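Here the structure comes first, spelled out in structure tokens, and everything after it is commentary.
Rule-based calculations on the coordinates, nothing more; no lab input. None of the values given here were measured: they were computed from a predicted structure. Ideal geometry is used to build each Cβ from the backbone, glycine not excepted, and the neighbour counts take in all protein chains shown.
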Amino acid sequence: MQAVFALAAAAILAFSAVGGLAQSADGPVQTDGQIEVGAEAVRDSEILSRIEKLLGQIDGFGGVEVSVTEGVVRVTGQVIDNAAQDRLTQIINRVAGVVAIENETEISGTLEERLAPAMERIAGRTRNILANGPIFLVALTAFLVVAAGGWLLTTRIGIWTRLAPNAFIADVYRAVARILFILTGLVLALDILNATALIGAVLGAAGVVGLALGFAVRDTVENFIASILLSLRQPFRPNDFVDIQGDQGTVARLTSRATILISPEGNHIRIPNATVFKGRIVNFTRDPRRRFGFDLGVDADADLAAALATAVAALEAQQFVLKEPEVGAWISEVGDSNVILTFTGWVDQTRVDFAKARGEAIRAAKLAMEAAGFGLPEPTYRVRLDRGQAALPPSAGPAEEYRTAKAAIADLPEAADPARAELAVAEAAEREREGVDGGENLLDDQQRVE
């Protein structure tokens, strides 16, 4: 019969335990251990005595009252905060014989009781800082020595200029070396403080901050990286005449943010380096030889072969026009009242100004053709009369026209010298390179051109 009663008591306690698990978070807390019954069960008085002794040794639980019934512990009174409630439950849960815990404590509303632990913590930390003051000073001194020494070494030693292809990359190397010295000093200081576990947290925080800053200054970072690549690849030189995404001008300098051009009108054009690196660049100065071209119209009934020969002879007679490649001429279009002739020639840009050379070539070809009797007509209309036809003046033969054209070319007045370079834009570019900001220029004549 005793065995039957024991089994019945165990079943009742088991059902009680299952019911305790199903209650809400504010109800009884089920313990983790196995429930003992019979003679092996711990008496309630022993559980109560053990809990009271434990709580008496721990600060913050002086206002807690404990009662135990059949292994179920009921706790009432006031505690400082929620953390103290959880801690109280954890302590009681570890006492042998506890079946369930009903934590009915309340949070204390007294300001003095709430502030006392905080003041104690502040006082304890202050004492800790004062006690560890000398080691803090040693760690700070070590950090400053390493960081300042690294700064002086990277500034004074000229090894970076020998390692880097240009001054801009040398500055980047210096900046990276300084950061490494600062990190080394930080690690040394944390090691002196025996706080090397913080290194991972510091590096993680630095990574998060760097990622956030990267998104915030994405365009600036893109321009900076483009500046590095442009300084290494150098698609143009100072004073090169280029076209970048539709902006034409003479290259003044390349900074860490933008490429500065001087337009033919003397205007400053600042193009972000990211646009320059990704954009289409036409360099008109890279090859010293450059071809010019222009169109002239003649009468539809004129001798086209003689007209082409006359203009070609005039172009070949100009000293600034190169013999090789030779002058080109062809008929490009037949209009309603005239025929369009196209002429091309090559000049050496290092000796002549391209725009002036082209203008002088147009002038010489036009004068030669007009002197040879070739009209350069505007749109005209021909009217026929039924009563008769106007007599046209007799036309000389092609050979006679060509001889006349050559004689007219020989009698032309001496042309203005187109070889005189336009100095205003070049001087403006030079002033830009020697500006008040130190003339930062990443272009280097010693660097290999892309």
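What's log10 of I(q)/I(0) for region 219-321 at q = 0.11, 0.14, 0.22 Å⁻¹, Debye sum over Cα points only, no solvent?
-0.51, -0.65, -1.10
At 7 Å along Cα-to-Cβ for each site, give me the label-to-label distance between Asp191 and Ile269 in nm.
5.6 nm
How many nm is it between the label spots at Arg233 and Arg125, if each spot is 7 Å from the Cα in line with the beta carbon?
5.3 nm
Scan region 230-317 for trypsin sites (Lys or Arg not before Pro) in coil per DSSP, keeping those whose Cβ has at most 11 other Cβ atoms within 10 Å, and list them by number. If you can, show how the numbers build up before the last one.
On the way: sites: Arg233, Arg253, Arg257, Arg270, Lys278, Arg280, Arg286, Arg289, Arg290, Arg291; in loops: Arg257, Arg280, Arg286.
Of the trypsin sites (Lys or Arg not before Pro), the ones in loops of region 230-317 whose Cβ has at most 11 other Cβ atoms within 10 Å are Arg280.
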